[in-house]
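Some notes on the structure that comes next.
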Amino acid sequence: NYILTEMRETGGDFNDILKEAQEKGYAEADPTFDVDGIDAAHKLVLLGALAFGVKPDFEGLEIEGIRKITAKDIKFAQELGYKIKLIGMAQSTGENKMQSMAPCLVDENSPLGNVEGVFNAVMTHGDFVDDTIMIGRGAGEGPTASSVVADIIDIAHGDIRPVFGVPVSELEECQWKGPESITCKTYIHLKVEDKPGVIADITACLKEAEVSIDSFIQHGHEDDGTASLVIMTQKAPFSVTHKAVGAVEQLACVLDNPTLLRVENT
């Protein structure tokens, strides 16, 4: 969150801000767990187990970090009224349970959109309490030391309860689904050749998949004959949009892997 906030506020590149975060102790010397979403994913599977009484399933979680997020993505998201946040989600709907760890767009004025810098947040939705949110510092020596000392005090007091609220033997097996079942708007960033017909080819792929466009951004062109296109789709099953973008990626005019981010209503 610190890296994404600094990239937005300073316009700096990912690698430069990451180095600064490491110098300040907000990211580890080996930042893999931080920037690839692995540390947050560990937290997510534990929270999912606590919330739903199921066994943690780290291996069943698809994890995407923030390495691919560029200063351009953050600028485009701002222009559309969003901020990019690394979001871990666990949802239970009837018999179906879904978990996801990936960078997403959230409304810039939403509760999660206003969580900045070294602060982290946990948002929950309950049948009778609706939405609640807890916000606190999630990085640095102070918060880490506080958590460790709190655990030591609990042990010293003999305050040892089942980690998940019930004995591990009572946790249920769960077949988690991925984000493909989510219906949402989707942000698509493409690097393309700057020539006639490109937009028509791309929109034809989306039309074939029955994915509608909500908004579109293109600002000029680069000196190397390329251009950045940003498409915000209307709500559609994420699996359908993902498949459509796979077809777009095969076009000769598309020069790099597309950036695909869900828009979450948080």
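Most mobile of Ile160, Ile84, Ile133 per a Gaussian network model of the chain (Cα springs, under 10 Å)?
Its mean-square fluctuation being the largest, the pick is Ile160.
Assign unit charges at the C-beta atoms only (+1 for Lys and Arg, -1 for Asp and Glu), then state the dipole size of the chain relative to its Cα centre in Debye, rounded to the nearest 20.
In total the dipole reaches around 420 debye.
Rounding to the nearest 20 debye, state how big the charge dipole of the range 10-87 is about its Cα centre with +1 on each Lys and Arg Cβ and -1 on each Asp and Glu Cβ.
320
Need one value: the accessible area of Glu193 in square angstrom, 1.4 angstrom probe, rounded to the nearest 10.
That residue has around 60 Å² of solvent-accessible surface.
Taking only protein heavy atoms into account and a 1.4 Å probe, give the accessible area per residue of the chain in Å².
57
Computed from these coordinates, which is mean projected area of the Cα convex hull in nm²: (i) 14.4; (ii) 15.5; (iii) 16.5?
Derived directly from the coordinates: (iii).
For Gln234, which sequence-distant residues (separation of 5 or more, or a different chain) have an amide H within less than 5 Å of its own amide H, given hydrogens modelled in the peptide plane?
Answer set, sorted by chain and number: Ser212, Ile213, Asp214.
For the range 32-189, with only Lys/Arg (+1) and Asp/Glu (-1) charged at the beta-carbon, what is the dipole magnitude about the Cα centre, in debye rounded to 20?
My answer is approximately 480 debye.
Using a 1.4 angstrom probe on heavy atoms only, work out the carbon and sulfur share of the accessible area of the chain in %.
On the chain, the fraction of accessible area on carbon and sulfur atoms equals 50 percent.
So how tilted is helix 14-23 from the main axis of the chain? Cα-based, degrees 0 to 90, rounded to 10.
Rounded to the nearest ten degrees, it is 20.
Which ³J(HN,Hα) values, rounded to whole Hz and listed in residue order, are derived for the range 62-77 from phi using the Karplus coefficients 6.51, -1.76 and 1.60 in 6.51 cos²θ - 1.76 cosθ + 1.60 with θ = phi - 60°, glycine and proline given as x?
7, 10, 10, x, 10, 4, 7, 6, 10, 4, 5, 4, 5, 5, 4, 4
Work from the charge dipole of the chain (Cβ charges, +1 for Lys and Arg, -1 for Asp and Glu, about the Cα centre) and give the residue of Gly117, Gly25, Gly140 farthest towards its positive end.
It is Gly117.
Using the Karplus equation 6.51 cos²θ - 1.76 cosθ + 1.60 (θ = phi - 60°), what ³J(HN,Hα) coupling, rounded to whole Hz, does each residue of the range 160-173 give in order, writing x for Gly and Pro?
Once rounded to whole Hz, the list reads 10, 10, x, 4, 9, x, 9, x, 4, 5, 8, 5, 8, 5.
The values are calculated or read from the model by the stated rules, or taken from the named source; none is laboratory data. Just so it is clear, the model here is predicted, and its values are computed rather than measured. All Cβ positions, even for glycine, are placed from backbone atoms using ideal geometry, and neighbour counts span all protein chains on display. To get the accessible areas, we keep the full protein, side chains included, count just its heavy atoms, and leave off ligands, DNA and RNA. Shrake-Rupley method; radii C 1.70, N 1.55, O 1.52, S 1.80 Å.
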